[in-house]
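The values are calculated or read from the model by the stated rules, or taken from the named source; none is laboratory data. Values in this document were obtained by computation on a predicted structure and should not be read as measured data. Virtual Cβ from ideal backbone geometry, glycine too; neighbours counted across all protein chains shown. Remember, those area values only see protein heavy atoms, side chains included, never the ligands or the DNA or RNA. Shrake-Rupley method; radii C 1.70, N 1.55, O 1.52, S 1.80 Å.
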Amino acid sequence: MTRTLTVLGATGSIGQQTLDVVCRYPDEFDVLALTASRGSDVLASLCIEFNPSYAVVGSQQESNQLRSRLNGKAKSTKILVDNDEVEDSRVYNADVVVTSIVGAAGLNPTLKAIENGNTVLITNKEPVVMLGPMLRDEVRKHKTTIVPVDSEHNAIFQCCSSKSGARYECFSPIDGLRRILLTGSGGPFRTIDLNRLQAVTPEQAVAHPVWNMGPKISVDSATMMNKGLEIIEARWLFETPADQIQIVVHPQGIVHSMVEYIDGSVLAQMGTPDMRVPLTFGLFWPRRGESGSQQLDLFEMSAMSFEPPDFIRFPCLKLAAEVARCEGTAPAVMNAANEIAVEAFLESRIQFTDIHTVVAHCVDDMGNDDCESIPQVIEIDRKARNIAQKKVFQLSTG
Ligand SMILES: NC(=O)c1ccc[n+]([C@@H]2O[C@H](COP(=O)([O-])OP(=O)(O)OC[C@H]3O[C@@H](n4cnc5c(N)ncnc54)[C@H](OP(=O)(O)O)[C@@H]3O)[C@@H](O)[C@H]2O)c1
């Protein structure tokens with residue numbers, strides 16, 4: 001049976017890899033909506049290829065851009081601006097929604113997808129980090145099925161067992177868990193001389209040795225803030241205290257994470273580092289589908305190695321591991337400050353090592369309050385961005 005699909009952030013690295021899988025299955029998926037911030041050439045060509053019912057962009061100007069780029073093609077695609085409430089509900093009402101917008105900008109779209117109560121594939125980790133248990137409450141309220149497709153969380157999900165012996169569901173405890181072993185490659189600066197870190201360029205930071213990703217997550221991987229965000233993401237998706245989540249640096253990126261049980265069994269999910277694998281898992285779950293990824297050749301593979309994290313080299317990871325233990329607003333503060341700092345680094349306004357300075361300043365300044373409501377977290381996010389912008393300005397003007 002054909003299922004309708006909406007891809008939020010369709011023009012990005014994850015969005016395009018999702019559609020790369022989908023185009024192998026023309027009888028399986030009917031693309032309902034593709035969203036992006038801009039009416040770019042990429043969005044125009046995706047609309048022509050997939051003929052969605054809706055294309056959603058961030059403003060009227062971007063809508064005009066897209067219309068002119070389509071130049072009369074994809075006639076059945078209705079172009080919408082993101083704040084068009086009535087039509088929005090139709091956009092999110094797909095059988096499967098993939099959340100692949102980058103950053104906190106994905107928060108409202110993720111909530112709308114959850115409200116529709118269908119199957120939501122989560123790669124956009126920042127809203128999980130920001131909302132934590134409030135996201136869980138929304139998922140329960142709307143009886144939504146969540147499949148994590150961030151590669152590590154997908155690996156954990158595949159290794160999970162539930163108390164009843166039935167299929168494991170996110171936002172519930174893992175039965176018999178001793179700890180989660182969350183792997184990460186260590187990024188491009190795992191072995192660089194520490195004295196050279198300050199002067200690394202945005203080009204060097206986004207050149208990830210294993211994964212080909214969008215610029216923000218690539219910089220997060222270089223600082224290992226990404227792994228810190230992932231501790232918090234795992235903390236909530238798998239109802240596991242942060243102290244039971246161990247980071248394991250695994251440069252080859254073949255083991256995507258592991259679950260250790262109290263009987264001593266350690267289950268790992270392995271595969272070539274290709275996001276189409278977890279995306280295909282999510283798109284077909286609970287069945288399996290072909291992803292188009294290369295087969296893992298164990299005989300060709302060099303040895304696999306595992307190291308503890310280096311908190312001196314990666315102070316953002318240390319900070320995030322501490323913040324992960326706070327169950328209040330501190331994760332949202334850290335996330336907002338990090339988004340501002342990474343953007344400033346990518347625009348060469350601050351240095352690589354300043355990213356930690358900005359984030360630590362904000363976390364210190366704003367502390368940790370109880371999480372009361374989603375609007376409160378959105379307000380906290382706004383305040384943290386202001387404080388981070390001021391710190392960036394101070395650092396960039398000497
Ligand atoms: N890339 C990976 O391999 C990977 C792996 C695991 C998890 N993730 C997570 O997946 C998410 C997406 O990452 P990515 O690497 O695919 O990012 P990306 O390549 O930078 O793509 C971001 C997407 O979000 C859209 N977008 C940006 N700002 C927006 C806004 N204000 N409103 C609406 N849409 C907006 C972009 O549209 P425009 O093109 O129009 O700007 C684009 O479609 C992130 O949360 C990341 O942590 C990524």
On the protein heavy atoms, probe 1.4 angstrom, tell me the percent of accessible surface of the chain carried by carbon and sulfur. 48 percent
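How large is Rg over Rh for the range 3-148, taking Rg from the Cα atoms and Rh as the Kirkwood inverse mean of 1/r across Cα pairs? Show your work: numbers first, answer last.
Values: Rg = 14.4 Å, Rh = 15.0 Å.
My calculation puts Rg/Rh at 0.95.
Do the alpha carbons of any pairs in K125/K227; K78/K125; K125/K216; K227/K318 sit beyond 19 Å of each other, and which pairs? If you can, show how the numbers build up before the last one.
Working: K125/K227 11 Å; K78/K125 29 Å; K125/K216 12 Å; K227/K318 10 Å.
Correct reply: K78/K125.
About the Cα centre of the range 3-148, what is the dipole size in debye to 20, counting +1 per Lys and Arg Cβ and -1 per Asp and Glu Cβ, all else neutral? Write down the numbers at each step before the final one.
Details: 15 positive and 17 negative charges, 7 e Å.
In debye, rounded to 20, the range 3-148 gives about 40.
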Could you compute the longest span of the chain free of trypsin sites (Lys or Arg not before Pro) located in DSSP loops and having at most 12 other Cβ atoms within 10 Å, not counting the site residues? 168-286
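P(r) tail for the range 134-197, what percent of Cα pairs lie past 14 Å? Don't skip to the end; give the middle numbers.
Values: 1382 of 2016 pairs.
Roughly 69 percent, once rounded to a whole number.
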Rg and Dmax of the range 326-398, using alpha carbons, in Å: what are they? 12.0, 38
Please work out the Cα convex hull volume for the range 193-332 and give it in Å³ per residue. 164 Å³
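Just need the relative contact order of the chain here, percent rounded to a whole number, with Cα pairs under 8 Å and 6+ apart. Intermediate results must be reported in sequence, preceding the final value.
On the way: 746 pairs, mean separation 54.6, N = 398.
It comes to 14 percent, rounded to a whole number.
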Farthest towards the positive end of the dipole of the range 212-280, among I231, I217, L267 and with Cβ unit charges of +1 on Lys and Arg and -1 on Asp and Glu, lies the Cα of I217
Placing one identical point scatterer on every Cα of the chain and ignoring solvent, what is log10 I(q)/I(0) from the Debye formula at q = 0.09, 0.11, 0.13 Å⁻¹? -0.52, -0.80, -1.14
Please list, in order along the range 393-398, the HN-Hα scalar couplings obtained from phi with the Karplus expression 6.51 cos²θ - 1.76 cosθ + 1.60 (θ = phi - 60°), rounded to whole Hz, x for Gly and Pro. 4, 4, 5, 7, 9, x
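With n ≥ 4 as the cut-off for DSSP H runs, can you work out [θ] at 222 nm for the chain, using -39500 (n - 2.57) per run divided by the number of residues, rounded to the nearest 500? Working shown, then result.
Values: 16 runs with 172 residues, N = 398.
Taken over the chain, the calculation gives -13000 deg cm²/dmol.
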For L80, distant residues with modelled amide H under 5 Å away: A55, V56, V57
Could you go through the range 134-150 in sequence order and give the Karplus-derived ³J(HN,Hα) for each residue, using 6.51 cos²θ - 1.76 cosθ + 1.60 with θ = phi - 60°, rounded to whole Hz, and x for Gly and Pro? 6, 5, 4, 4, 4, 4, 5, 4, 9, 6, 7, 8, 10, 10, x, 10, 4
Residue by residue, what Karplus-based ³J(HN,Hα) values in Hz, rounded to whole numbers, does the range 12-20 have, using 6.51, -1.76 and 1.60 with θ = phi - 60° and x for Gly and Pro? x, 4, 5, x, 6, 5, 4, 6, 5
Please report the antiparallel percentage of DSSP beta bridges with both residues in the chain, rounded to the nearest 5. 25 percent
Placed amide H near I247: partners under 5 Å, 5+ positions off or other chain: L182
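Antiparallel DSSP bridges in the range 182-323: what percent, to the nearest 5? Kindly include the intermediate steps, with their values, before the conclusion.
Details: 6 of 9 bridges.
About 65 percent, rounded to the nearest 5.
Rounded to the nearest 20 Debye, what is the dipole magnitude of the chain about its Cα centre when Lys and Arg each give +1 and Asp and Glu each give -1 at the C-beta?
Using Cβ point charges on Lys, Arg, Asp and Glu, the chain gives about 420 debye.
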Ranking F306, Q65, A155 by how far each Cα lies towards the positive end of the charge dipole of the chain (+1 on Lys and Arg Cβ, -1 on Asp and Glu Cβ), the top one is Q65
State, in angstrom, two size descriptors of the range 15-70 derived from its alpha carbons: Rg to one decimal place and Dmax to the nearest whole number. 11.3, 34
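Given +1 on the Cβ of Lys and Arg, -1 on the Cβ of Asp and Glu, and no further charges, what dipole in debye does the range 250-366 carry about its Cα centre, rounded to the nearest 20?
On the way: 7 positive and 16 negative charges, 51 e Å.
The dipole magnitude comes to about 240 debye.
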Using modelled amide H (1.01 Å from N, peptide plane; none on Pro or chain starts), what sits under 5 Å from the amide H of Q269, excluding residues fewer than 5 places away? H256, S257
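If we count every other residue with Cβ under 11 angstrom of L5's Cβ, Lys/Arg +1 and Asp/Glu -1, where does the sum land? Before the final figure, lay out the partial values.
Numbers: positive: R3; negative: E28, D30, D95.
Cβ neighbours under 11 Å give a net charge of -2.
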I'd like to know which of V392, G328, N338 lies farthest towards the positive end of the charge dipole of the range 326-398, counting +1 on Cβ of Lys and Arg and -1 on Cβ of Asp and Glu. V392
Average accessible surface area per residue within the chain, 1.4 Å rolling probe, Å²: 44 Å²
May I have the extent of the alpha carbons of the range 157-247 along their three principal axes, as whole Å values ordered from largest to smallest? 52, 24, 17
Pick from G12, G264, G228: which is most flexible by mean-square fluctuation in a GNM of the chain where alpha carbon atoms under 10 Å apart are linked? G264
Pull up the cross-link candidates among the aspartates and glutamates for K163, meaning alpha carbon to alpha carbon under 14 Å and not fewer than 8 places away within one chain. D175, E239
